[in-house]
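Asker: Sharing a structure, written as structure tokens. Questions coming.
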Amino acid sequence: PKLRFPEFRDVGEWEEKTLGQLATYTKGFAFKSQDYRSQGIRVIRVSDLGADFIKSNNEKIFIASDSASDYERYVLNKGEIIITTVGSKPELIDSAVGRGIFVHYSNEGLLNQNLLKLEMLREVNSKFLFSNINTEKYQKFIASISRGNANQANIAVKDLMDFGLQVPTPKEQQKIASCLSSLDDLITTQTQKVEALKTHKKGLMQQLFPREGETQPRLRFPELLLP
């Protein structure tokens, strides 16, 4: 890379690898609609995924908790990466086929069909690997292997695992992952602040303008109040 941490400048070149050499995969299970419950263990579907996150405010589906032991291999664990194998064409980011979602917490749910999860092999940093997912290079690769039309595209797992990328030593992977994670944390903090300000503004607007059927706002600046 053009930018490298000082302690790794003399370590040497990165090694060319394929996704299949860095991770194993598990395809999602085709859960039956008759097994869905209003509570229990959440089933993560393609529709539960945003551009790069698992949605928490949409309508969820579950299966009975006492069935958990039957589906242990489909449990999503912290540090794994979800990949969609069906969706729209790659240019439609929010619903694109092949998009990657990093699993931030354990026990997020069970993986449904049309999804797969990547589990890192030894000495592969999951955050480093994820930093190579959803990049321009990756999106071009997905576009080259996707089949179907703009509304319903799909990719073959065999083709996906041929995605090539350069990989440094485990220590350099960790350094890069830590740097990017710090930026992600900062972005999350700032985003939360922005959302809080938006909520505050919305509340103010409801007070600063008259409500329906009223002739003056409920909140006014002191200098505009009548003596």
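The values are calculated or read from the model by the stated rules, or taken from the named source; none is laboratory data. What you are looking at is a predicted structure, and each value in this text was computed from that prediction instead of being measured. Every residue, glycine as well, gets a Cβ built from its backbone with ideal geometry; the counts of neighbours run over all protein chains shown. Surface areas here come from the heavy atoms of the whole protein model, side chains and all, with no ligands, DNA or RNA. Shrake-Rupley method; radii C 1.70, N 1.55, O 1.52, S 1.80 Å.
Asker: Among the listed residues Arg4, Arg9, Arg45, which satisfies the condition of being of a type in the set (Lys, Arg) and closer than 13 Å to Gly109 by Cα?
Answerer: Arg45
Asker: Now a separate question. Working only within region 123-142, note down all residues that are crowded, with 18+ Cβ neighbours inside 10 Å and charged (D, E, K, R).
Answerer: Once the filter is applied, which keeps residues that are crowded, with 18+ Cβ neighbours inside 10 Å and charged (D, E, K, R), region 123-142 yields only Lys127.
Asker: Report, by residue number, each residue of region 108-163 that is among the acidic types (Asp, Glu) and either over 29 Å from Ser181 (Cα atoms) or at pLDDT 95 or above (or both).
Answerer: Glu119, Asp159, Asp162
Asker: Checking the conditions here, which among Glu223, Glu136, Glu214 is charged (D, E, K, R) and closer than 30 Å to Lys78 by Cβ?
Answerer: Result of the check over Glu223, Glu136, Glu214: Glu136.
Asker: Sort through Asp184, Asp162 and tell me the only one that's touching a residue at least 60 places away in the same chain (Cβ under 8 Å), within 28 Å of Lys89 (Cα to Cα), outside any strand (DSSP E or B) and open to solvent by 50 Å² or more (accessible area, probe 1.4 Å).
Answerer: Criteria check complete, one pass: Asp162.
Asker: Of all residues in region 62-80, which are touching a Lys or Arg at 6+ places or on another chain (Cβ under 7 Å) and either of a type in the set (Asp, Glu) or surrounded by 14 or more Cβ atoms within 10 Å (Cβ to Cβ) (or both)?
Answerer: Phe62, Ile63, Leu76, Glu80
Asker: Now for a separate question. Could you run through region 132-151 and say how many residues are closer than 20 Å to Thr26 by Cα and either touching a helix residue (DSSP H, G or I) at 6+ places or on another chain (Cβ under 6 Å) or among the charged types (D, E, K, R) (or both)?
Answerer: Number of matching residues: 1.
Asker: Further, regarding this structure: Test of understanding: among Leu49, Leu19, which residue is modelled with pLDDT of 95 or more, open to solvent by less than 20 Å² (accessible area, probe 1.4 Å) and within 22 Å of the chain's Cα centre (by Cα)?
Answerer: Leu19
Asker: Based on what the data block shows, is Glu72 assigned to a loop (DSSP other than H, G, I, E, B), on the phi < 0 side of the Ramachandran plot and of a type outside the set (Gly, Ala, Ser)?
Answerer: no
Asker: Now for a separate question. How many residues are of a type in the set (D, E, K, R), assigned to a strand (DSSP E or B) and within 13 Å of Leu76 (Cα to Cα) when one looks only at region 35-56?
Answerer: 1
Asker: Something else about it: Any residue that is under 14 Å from the mean Cα position of the chain (by Cα) and either closer than 23 Å to Thr24 by Cβ or open to solvent by less than 40 Å² (accessible area, probe 1.4 Å) (or both) - is there at least one of those in region 172-179?
Answerer: Scanning region 172-179 turns up no residue that is under 14 Å from the mean Cα position of the chain (by Cα) and either closer than 23 Å to Thr24 by Cβ or open to solvent by less than 40 Å² (accessible area, probe 1.4 Å) (or both).
Asker: What is the number of the single condition among (1) open to solvent by less than 30 Å² (accessible area, probe 1.4 Å); (2) touching a strand residue (DSSP E or B) at 6+ places or on another chain (Cβ under 6 Å); (3) under 29 Å from Val124 (Cα atoms); (4) of a type in the set (A, V, I, L, M, F, W, C) that Phe31 does not meet?
Answerer: (3)
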